[in-house]
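Asker: Have a look at this one.
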Amino acid sequence: TDRSQGVGSLADGSLEVMIARRLLVDDSRGVGEPLNETESITPYGVECEACRIGEGIVSRGVHRVLLDPTEDSASSMRRAAEEMFSPLQLFFTPITTSGHVPSQRPSATLPQNIKLMTLEALAPGLVLIRLAHIFAASEGSNLAAEQVVNVADFVADLGFTIRQAREVSLTANQERSKLSHLSWRQEAQPRESARAKLEAGKVTLRPMEIWSAILNVVPIEPVEEAQS
């Protein structure tokens, strides 16, 4: 294909990046024609079959280079990919002054290997939350391990207390306790797969696992400073 891309280090201290390939003659690698993509081309089955017309196309794109030690490369790539392809989207709606509850803490944070996929108000006092472990177990990083997430503290940082949590499917249309999967006949011994479960306000996520729940929350009452 003429859209081939690649990177090579042909000499110490240098990188050569190929973002496109254009050939004016057939390279005899099976295509049967030059990899010469132009502004236009004649159709097949006519006198001048697949004749190129106009200037060669211009390829544009973005390449990002991450320079990290080998042992950190997988985790750096994973975080960069999340930031580029799945950035956090923020949506706001007007509220009344009386409905605003200031957070008791300056910010809400999660562990580096945990991503907030969804935080959506379904109704007053009802919130859908999805948390995902963004690393794979084979990525060779200390971040690619089970991670305990204190959901209660995270929600408290947002100014709310969890009164009740109902774990649901990824699509949030079924309670997870009632979720049933297809049963497959298999010869190998099935592996035990303990699912993430909220206990004492905390949930343990394994690599690449997603946890979804609908939370019943109430605002944290602001603490009034004592008058001296």
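Asker: Going by average Cβ density within 10 Å per residue, which order do the peptides 4-17, 149-162, 67-80 take, highest to lowest?
Answerer: So the peptides 4-17, 149-162, 67-80, ranked by packing, come out 149-162, 67-80, 4-17.
Asker: Another question, then. Using every alpha carbon pair in region 1-63, what percent of pairs falls into each 5 Å bin from 0 up to the bin containing the largest distance?
Answerer: Final binned percentages: 4, 14, 20, 21, 17, 11, 6, 4, 2, 1, 0.
Asker: Further question: Pull up all non-local amide H partners of residue 126: gap of 5 or more, or a different chain, and H-to-H distance under 5 Å with H placed in the peptide plane.
Answerer: 217
Asker: Between rounded, prolate and oblate, where does the chain land on the alpha carbon gyration tensor, with a ≥ b ≥ c its root eigenvalues, rounded for a/c under 1.5, else prolate if a/b exceeds b/c?
Answerer: prolate
Asker: Another question about this same structure. If contacts are Cα pairs under 8 angstrom and at least 6 residues apart, what is the relative contact order of region 1-63 in percent?
Answerer: For region 1-63, the relative contact order is 23 percent.
Asker: Counting pairs of alpha carbon atoms under 8 Å apart in space and at least six apart in sequence, what relative contact order in percent does the chain give? Numbers along the way, then the final one.
Answerer: Numbers: 331 pairs, mean separation 38.5, N = 228.
In percent, rounded to a whole number, it is 17.
Asker: Order of 52-60, 110-118 by packing, highest average Cβ count within 10 Å first?
Answerer: Values: 52-60: 11.2, 110-118: 16.4.
So the order, starting with the most tightly packed, is 110-118, 52-60.
Asker: Test of understanding: in a Gaussian network model of the chain with alpha carbons linked when under 10 Å, which of 94, 207, 124 would top the mean-square fluctuation ranking?
Answerer: The residue with the greatest mean-square fluctuation here is 94.
Asker: Now for a separate question. Please give the charge dipole size of region 1-81, origin at the Cα centre, charges +1 on K and R Cβ atoms and -1 on D and E Cβ atoms. Round to the nearest 20 debye.
Answerer: Dipole size: approximately 340 debye.
Asker: Just to confirm the filter: which chymotrypsin sites (Phe, Trp or Tyr not before Pro) across region 1-91 are DSSP coil and have at most 13 other Cβ within 10 angstrom of their Cβ? All intermediate terms of the calculation are to be shown ahead of the outcome.
Answerer: Details: sites: 44, 85, 91; in loops: 44, 91.
Of the chymotrypsin sites (Phe, Trp or Tyr not before Pro), the ones in loops of region 1-91 whose Cβ has at most 13 other Cβ atoms within 10 Å are 44, 91.
No lab work stands behind these numbers, since they all come straight from the coordinates. If you're wondering where the values come from, they're calculated on a predicted model, not measured in any experiment. Virtual Cβ from ideal backbone geometry, glycine too; neighbours counted across all protein chains shown.
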